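Novice: Below are the structure tokens for one structure; questions will follow.
No value in this document is a laboratory result; all are computed from the given coordinates. It should be emphasised that the depicted structure is a prediction, and the values quoted were computed from it without experimental measurement. Note that we place each Cβ from the backbone using ideal geometry, even for glycine, and neighbour counts take in every protein chain shown.
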Amino acid sequence: MWLTKIKIAIVEKNSDKLNLLLDEVPKFENKQDMEEAMYLLREAAELIYTLRDETKQSMKQMKKNINFLNSTQAPALNRLDLKS
């Protein structure tokens, strides 16, 4: 059952579900299940690293966008402008 749940979490790219499943890894009875779990854990780690990198790139792009928007705005005046 755990193997099926982790497969679904990987396909759905659900990092929260993966974290929960990693907290409750069962003991496996046979070698085939152990090998399958090892493969799935590698896939889960690769998915987490990929999602982390995508998030990092998105955050960098948002920071660039915010900096650009801030640079295009007129400077705010801090005091009362009586001349205009």
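Novice: Using alpha-carbon pairs under 8 Å, 6+ residues apart, how would you state the relative contact order of the chain in percent?
Specialist: Averaging sequence separation for qualifying contacts and normalising by length gives 28 percent for the chain.
Novice: As an exercise, use a Förster radius of 35 Å and the Cβ-Cβ distance of Gln73 and Thr50 to find the FRET efficiency, rounded to the nearest 0.05.
Specialist: 0.50
Novice: Same structure again: Relative to the longest principal axis of the C-alpha atoms of the chain, give the angle of the C-alpha long axis of helix 31-72, reported between 0 and 90° and rounded to the nearest 10°.
Specialist: 0 degrees
Novice: Here is a further query. Mind giving me the FRET efficiency for Thr4 and Ile66? R0 is 35 Å, r the Cβ-Cβ distance, nearest 0.05 is fine.
Specialist: About 0.25, to the nearest 0.05.
Novice: Any idea what angle helix 2-12 forms with the longest principal axis of the chain, computed on alpha-carbon atoms, 0 to 90 degrees, nearest 10?
Specialist: Helix 2-12 sits roughly 30 degrees off the main axis of the chain.
Novice: Also, I was wondering about something else. What label, among [x] 207; [y] 118; [z] 253, belongs to volume of the Cα convex hull per residue in Å³ computed from the structure on display?
Specialist: Here the calculated entry is [y].
Novice: Given R₀ = 35 Å, FRET efficiency for Gln32-Glu12 by Cβ-Cβ distance, to 0.05?
Specialist: About 0.90, to the nearest 0.05.
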